[in-house]
Structures are given as C-alpha cells and as structure tokens.
Amino acid sequence: MSIGTYATSSVAVGGDSVRGAEGSRAWRKLARNPAALAGALILLAVIGAAVFAPWVAPQDPARQSLIRRFTPPVWAHGGNIAYPLGTDQVGRDILSRIIYGARVSLLVGISAVLVSLTVGVTLGLLSGFFRGRVDTVIMTVVDVTLSFPQLLLALAFVAALGPSLLTIIVVLGLTGWERYARVVRAEVLALREKDFVEAARAIGASPTRLLLGHLLPNTFSSIIVMSTLQVAQAILQEAALSFLGVGTGSAYPTWGQMISLGRDFVSVAWWLATFPGLAILLTVLAINLVGDRLRDALDPRVG
Amino acid sequence: MLTLLVRRVIRLVVVLAVVSLVTFAILHVSGDPVSLMMPEAPESDRAALRLAMGFNEPLPAQFVRFLANTARGDFGNSFFHRAPALPLVLERMPTTLLLTVLALGLSLAIALPVGILSAVRRNSLFDHGATFVVFLGTSMPVFWTGIMLIILFAVQLRLLPVSGWESWQALVLPTATLATFSTPLLLRIVRSSMLEVINLDYVRTARAKGVSERIVIWHHALINAALPLVTVAGLQFGILLGGAIVTETVFAVPGLGRLIVSAIRQLDFPIVQAGVFVLALIVVLVNFAVDLLYIYLNPQIRVR
C-alpha cells in the first residue's frame with residue numbers, strides 16, 4: 001500500500017490530539033484568515049437558511065403560478081421584487097426553492113459523511129492495529145472501492161434500490177469511506193510504535209482500551225479535517241445524482257434537480273440553472289475554505 | 001522486484017474478482033431482480049422470467065454463473081436495444097476515451113506550467129491566484145459548469161453548438177467542461193509534488209553549481225516530482241471518468257456515460273452491469289499500469 005499514502009500525504013499526520021490550549025490556538029488561527037472567515041460566514045448563512053427555511057423563504061416553494069412563469073430576476077427587465085431570483089417554468093419562486101433545497105444538500109452531505117466516518121475509521125483502526133491478514137483483507141476492499149468510478153457505482157445502486165433520502169445517504173457513505181480507512185491506518189501504524197502506546201500496553205491495557213482510549217483520540221485532527229472536506233464532496237455528488245435523475249425522492253426540491261430542469265430552458269431562461277448552481281458553488285467553496293484552514297490550523301507540522 | 005511484480009498481479013486478480021462481485025450485487029441488492037426489471041408485469045410473467053434467468057437458484061450458484069459469463073464477455077441482452085450488452089458498451093467506449101484523453105491533455109497543458117510556477121514562486125500573488133482558482137474549480141459542480149458554458153458560448157454568443165459530437169466544434173465545450181473538472185485536481189498535485197522536492201539538498205546543489213534555473217526546474221526537480229504525480233493521477237482516473245459521465249449527459253455526447261445513464265432510467269440492467277464492469281476494469285488496469293510504472297521509475301525498488 002505504499003502507493004495510497006501519497007494521496008493523503010497532505011493530510012495532517014500529527015501526534016497531538018486537539019484539546020484545551022491546542023484547540024483554542026487552532027480557532028484563533030482559523031479566525032485570522034479572511035478567506036476562511038468568509039467561508040465560515042457563508043456556511044453559517046446556508047445552515048441558517050436551511051434550518052429556518054419556512055421563515056426565511058419569501059414564497060411557498062411548491063406554489064405554481066402560470067401567469068408568473070419565467071419571471072426574470074428582479075434586476076432584469078420584467079423582474080418582480082416578490083421573486084428576487086425569478087421563477088421557473090411553472091412559476092415557482094427560485095429563491096425559495098434554493099432555500100428549501102439547502103435542507104436536502106446539508107442533510108445528505110453531513111449524514112453521508114457520518115456513515116463513511118464510522119465505517120472508515122473502524123476499518124482503519126482494525127487494519128493498522130492488527131496488521132497481518134486483517135490488514136490485507138481490508139486494504140484489498142479499499143483497492144476495490146477505489147477502482148469503481150464512485151459516482152457511477154452510487155448511480156447504479158441508487159437506481160437498483162429505488163430513490164430515497166436514506167438510500168442516497170447510505171450509498172454515498174459506503175462509496176466514500178476508504179480515505180478514512182487509509183489515513184487512520186497509516187496513523188495507527190506510526191503511533192503504535194510510540195512510547196505512550198508501549199507504556200499503556202506494559203501496564204496491561206486491553207486491545208480495546210488501546211484502540212479507543214489511546215490510538216483513536218490521536219487521529220481526531222485528521223478525521224475532523226477529512227470529514228469537513230468530504231461534506232463538500234458529498235454535496236457535489238448528491239447534486240450530480242439528482243441531476244442525472246436518480247434523486248432523493250423527497251418532497252423538497254434539490255439543487256441538482258433544479259439545474260437539471262433548467263438545462264431544458266437554457267435558451268429562454270438562463271436563471272433557472274444558474275442560481276441553484278451558484279448556491280452549490282458558494283456552499284461547497286465555503287466548506288472547502290474552512291476545511292483547508294482547519295487543516296493548516298490542526299497540522300502541527302505547518303507553522 | 002520479481003516478488004513485488006507477482007504480488008501486484010495477484011492483487012489484480014483479487015481486485016477483479018471483487019469487482020465482479022460488486023457488479024453482480026447491483027442486480028441483487030434489492031432482493032428481487034425481477035420486480036426491478038419488470039415492475040408492472042403480472043405475476044405469471046415474473047415467474048417465467050425468474051425461471052428463464054435462473055433467479056430461483058441459490059445466490060452463490062448464480063454468482064459462479066455470472067463469473068463464467070463475464071469471463072466470456074457475456075452480460076446478457078439489453079432489454080431496450082435487444083442486442084448483447086457488451087458490444088453496445090464497447091461501441092461507445094472510444095467516444096468516452098477520446099473525451100477523457102482530450103480533457104486530460106488540456107488539463108496537463110495548463111496544470112504543469114501553472115503548478116510549477118506556483119511552487120517556484122510560493123506565496124506570490126500568482127500562487128495565491130492559482131490556489132484560489134483551484135478552490136473555485138473543485139467547488140463547481142461539473143454539470144453546472146457545462147450548462148454555464150452552453151449559455152455563454154452557444155446561446156448568447158452562438159459560437160459553438162449546444163450539444164452533439166459530429167464536428168470538431170462540438171468537441172470544444174465538452175472537453176473544456178471536463179477540463180475545468182480535472183485541471184484543479186492535477187494543478188494541486190503538480191504544485192504539492194514540486195514543493196516537496198524544490199527545497200531538497202540536491203536541487204540547491206544544482207543551483208550552487210550554476211546550473212540554469214530552467215534545467216534545475218524542468219530536469220532536476222520535475223523528474224523527481226513526477227513519481228507522486230503519476231501515482232495520484234492514476235488514482236484520480238476513476239474520478240475523471242465519473243466527470244466524463246456527467247459531461248456526456250449535459251452535452252448529449254453519444255458515449256458510454258450517456259448509454260449507462262439512460263440504461264439506468266430504463267432499468268436496462270445488462271447494460272448497466274456491462275458498463276460498470278468495463279469502466280471499473282479500465283480504472284483497475286490503469287492503476288495496475290501505474291503500479292508497474294512506479295516500480296520501473298523508482299530506483300530504490302528497481303535496483304533490488
């Protein structure tokens with residue numbers, strides 16, 4: 001597995017866990033960076049819009065109005081202040097649909113990462129701790145997971161299982177766990193030779209205690225960084241699945257679905273596809289900026 | 001070196017076996033493949049299909065049969081096209097590979113010089129600009145980028161066709177779209193691999209000897225940065241194919257991605273399985289080739 005480690009070499013391989021003074025120093029570093037700060041603010045706004053959608057959205061996202069169809073954005077000729085970003089082909093308010101769409105994106109993004117995290121960290125810990133045959137089996141599964149175009153595999157399984165929010169979350173979660181397994185394994189392999197693990201073993205700590213009490217906490221900083229960045233990936237993938245037509249089957253509109261519908265009207269109404277895409281871009285960019293800064297702040301090797 | 005080679009080949013075989021298992025699972029994961037294939041048919045038709053397809057047999061037996069058929073290149077007949085699935089998939093392969101290779105070439109042409117300059121002038125305005133573009137590029141959904149390019153170049157400026165694959169003009173937008181997806185990935189790798197080697201002693205020595213900056217960068221540094229670059233590029237190949245699938249859907253490019261996506265909508269599972277298997281096979285073989293290249297390029301392994 002010498003190969004795989006290159007891909008993750010940029011992720012923190014630190015020996016210190018984040019607690020107390022270490023943590024607050026990290027936060028101060030995060031706040032000093034204007035790009036990361038902007039990212040954090042955008043992210044807060046998106047989370048706020050998702051949570052308080054019924055109060056924030058100017059219109060009912062499902063209400064159709066044929067006389068108002070294809071209303072352009074408010075600054076364009078024929079725009080209407082009641083529909084700031086215009087309306088779609090059946091007269092639904094685009095801004096309100098984007099605000100409700102944030103719910104699906106964030107829910108899927110965060111839940112899928114939790115699934116990946118649980119599976120990947122568990123397998124990575126076991127792989128690095130027990131080595132030998134366990135390691136070989138788990139790393140073969142990692143190789144296989146890497147072999148499939150992830151999006152295509154997710155597409156095929158979601159289609160086979162039928163579109164639902166839960167299916168999307170589980171499928172995206174189960175196709176994105178291998179990076180956690182690889183990084184956690186590499187860290188455990190390095191950590192298990194260290195004195196503090198040796199000492200814990202010498203005083204008779206059980207394997208479970210070693211794994212959960214001593215090794216796991218020391219992988220937290222990389223896990224936090226990876227999870228943050230993966231939420232961004234999961235949001236992009238959910239959007240791509242919705243765009244390709246195997247959506248969440250939920251009552252809420254999704255950003256990917258809105259872009260997919262807008263594709264058919266590019267020549268008459270550019271705003272249909274443009275604004276949901278901007279929403280994805282801003283959200284994902286915000287998460288990436290925060291995640292990247294988090295990596296610098298938590299990585300003890302970077303000054 | 002030979003033992004390492006043998007180990008890589010064994011791993012290739014194991015990975016291919018598990019790839020087949022996953023492909024097999026696509027049809028069986030829902031529990032009842034028949035209701036997946038014909039959701040609205042009466043029970044008598046379903047029973048007939050179940051018998052004809054051998055779905056009544058135990059799953060391990062079905063998997064063994066699937067393996068044997070796969071080895072012979074038989075994925076069954078497409079329900080929609082009423083023809084063997086594998087030839088239909090292979091027929092579309094050149095289009096998808098052409099799109100991918102064109103985009104990869106364009107990406108490399110941009111990512112190599114920009115990434116190297118970024119690393120050489122670390123923390124300059126140019127470097128910060130390039131880093132921001134990488135952030136922007138990796139945060140854009142590729143299908144949306146494609147639609148924005150359509151709105152700009154096909155609808156507003158009327159310079160290029162909205163979709164298709166018949167003329168060279170039609171290739172421009174899909175290639176550009178896929179390249180916006182792959183360039184940031186490569187640029188980031190070029191920059192970080194260059195940064196790893198650029199401050200090493202041997203580079204400093206070369207400079208101290210009076211070797212020109214151009215030769216130091218392109219010869220001394222880049223050759224050593226190439227190793228991680230090749231490896232990661234191999235790992236990213238699957239992601240790139242995923243991007244190609246989405247790009248084909250946006251521009252109605254008659255490639256493998258579009259075939260699979262419409263097969264999924266039509267519940268045409270032989271095509272889906274054949275397509276998934278072929279694409280995974282390509283990724284596996286590319287990574288196998290990268291492994292071999294790695295063994296060859298890395299003197300530490302080659303000498304042993």
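Along the charge dipole of the stretch A:143-268, Cβ charges K/R +1 and D/E -1, which of A:Val268, A:Leu146, A:Ile223 sits furthest on the positive end?
Positive-end residue among those listed: A:Ile223.
Given the C-alpha centroids of the stretch A:263-299 and the stretch B:7-69, what is the distance between them in whole angstrom?
39 Å
Using only atoms on other chains, find how many Cβ atoms lie within 10 Å of each Cβ of peptide B:144-150 and report the average.
Mean number of neighbouring Cβ atoms from other chains: 6.
Distance from the Cα centre of the stretch A:156-221 to that of the stretch B:113-171, in angstrom?
With the stretch A:156-221 and the stretch B:113-171 each reduced to a Cα centre, they are spaced 36 Å.
Rounded if a/c is under 1.5, else prolate if a/b is larger than b/c, else oblate: which is the stretch A:43-161, with a ≥ b ≥ c the root eigenvalues of its Cα gyration tensor?
Cα axes put the stretch A:43-161 in the prolate bin.
Applying 1/(1 + (r/R0)^6) with R0 = 22 Å to the Cβ-Cβ distance of B:Leu200 and B:His128, what FRET efficiency is obtained, to the nearest 0.05?
That gives a FRET efficiency of 0.35.
Would you order A:Phe129, B:Phe251 from fewest to most other beta-carbon atoms within 10 Å of each residue's own beta-carbon?
Taking fewest neighbouring Cβ atoms as first place, the list is A:Phe129, B:Phe251.
Amide H neighbours of A:Thr71 under 5 Å, at least 5 residues apart or on other chains, H built in the peptide plane: list them.
A:Thr87
Apply 1/(1 + (r/R0)^6) to the Cβ-Cβ distance of B:Leu152 and A:Arg201, taking R0 = 60 Å, and write down the FRET efficiency to the nearest 0.05.
Between B:Leu152 and A:Arg201 the formula returns 0.45.
Please compute, for peptide B:198-204, the average count of beta-carbon atoms on other protein chains lying within 10 Å of each residue's beta-carbon.
Counting other chains' Cβ atoms within 10 Å and averaging over B:198-204 gives 0.
What is the order of B:Tyr296, A:Tyr252, fewest Cβ neighbours within 10 Å to most?
Going from sparsest to densest Cβ surroundings: B:Tyr296, A:Tyr252.
Measure nothing but the geometry: give the 0 to 90° angle between the long axis through the Cα atoms of A:132-147 and the longest principal axis through the Cα atoms of chain A, rounded to 10°.
That works out to roughly 20 degrees.
If you fit an axis through the alpha-carbon atoms of helix A:94-130 and take the longest principal axis of the Cα set of chain A, what angle between them do you get, 0 to 90°, nearest 10?
10 degrees
Would the stretch A:252-303 count as rounded, prolate or oblate if I go by the C-alpha gyration tensor, calling it rounded below 1.5 in a/c and otherwise prolate when a/b exceeds b/c, oblate otherwise?
It comes out prolate by the Cα gyration axes.
By its C-alpha gyration tensor, with a ≥ b ≥ c as the square roots of the eigenvalues, how is the protein assembly as shown shaped: rounded for a/c under 1.5, else prolate for a/b larger than b/c, else oblate?
Taking the square roots of the gyration eigenvalues as a ≥ b ≥ c, the protein assembly as shown is rounded.
For B:Trp144, A:Trp55, A:Trp270, B:Trp165, which order do you get if you count the other beta carbons within 10 Å of each Cβ and list the fewest first?
The most exposed by this proxy come first: A:Trp55, B:Trp165, A:Trp270, B:Trp144.
Across the residues of A:155-164, average count of Cβ atoms on other protein chains within 10 Å?
Rounded to a whole number, the mean comes out at 6.
List the DSSP H helices in chain B whose Cα atoms stretch 27 Å or more along the helix axis and whose mean Kyte-Doolittle hydropathy is at least 0.5.
Going by DSSP H runs, the hits are B:2-28, B:85-120, B:168-198, B:222-251, B:269-297.
Where a number appears in this text, it was derived from the coordinates with a stated rule and is not lab data. Here the structure is a predicted model, which means the values were calculated and not measured. Using ideal geometry, Cβ is built from the backbone for each residue, glycine included, and neighbour counts are taken over all protein chains shown.
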